[in-house]
Amino acid sequence: MEIKTSEYKRAAVVSVSGRVDSATSGELETALKALIGKGTRNIVLDLSAVDFLSSSGLRVMVTTRKALKEAGGEVVIAQPSDRVRETLELAGLDVLFTSHPTREAAVASF
């Protein structure tokens, strides 16, 4: 798994590629907690290059959303891969996360 972060005025974009599973989700959680810890309130998760998303990855997404909501922010998804979209739908979490077709649209949503 690879994580790249770009910070903009409105939001931070976290681009994730590869597998998000029990072996790698801790790294994603650490990166997201670091952003929240330094005051970021809006996060865009670019999941276009994620080819596998496990329940531990979903847990990281849900706990991040909860932390941001409590701080007055939000997390949205940009360009979810077909695999990510299927996983969110199967878990019933597609209604919890707003998805946007592009990173730009996701950033502009804030």
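Output the residues belonging to the stretch 59-84 that are in a helix (DSSP H, G or I), closer than 18 Å to Val13 by Cβ and of a type in the set (S, T, N, Q). Result: Thr64, single match.
Screening Thr40 with (1) free of Cβ contacts under 8 Å to residues at least 24 places away in the same chain; (2) part of a loop (DSSP other than H, G, I, E, B); (3) not hydrophobic (A, V, I, L, M, F, W, C) gives one miss only, at (1). With respect to (1) within 23 Å of Ala91 (Cα to Cα); (2) surrounded by fewer than 19 Cβ atoms within 10 Å (Cβ to Cβ); (3) in contact (Cβ under 8 Å) with a residue 40 or more places away in the chain, the lone exception for Gly26 is condition (3). Take Ser56 and tell me if it is of a type in the set (Ser, Thr, Tyr) and either in a strand (DSSP E or B) or surrounded by fewer than 16 Cβ atoms within 10 Å (Cβ to Cβ) (or both). No: the conditions fail for Ser56. Would you confirm, using the coordinates I've provided, whether Thr87 is of a type in the set (S, T, N, Q), assigned to a loop (DSSP other than H, G, I, E, B) and surrounded by 13 or more Cβ atoms within 10 Å (Cβ to Cβ)? So Thr87 does not fit the description; no.
Values quoted throughout were computed directly from the atomic coordinates according to the rules given, and no laboratory measurement underlies them. All of these numbers come straight from a predicted model, not from anything done at the bench. Neighbour counts run over all protein chains shown; Cβ positions are idealised from the backbone, glycine included.
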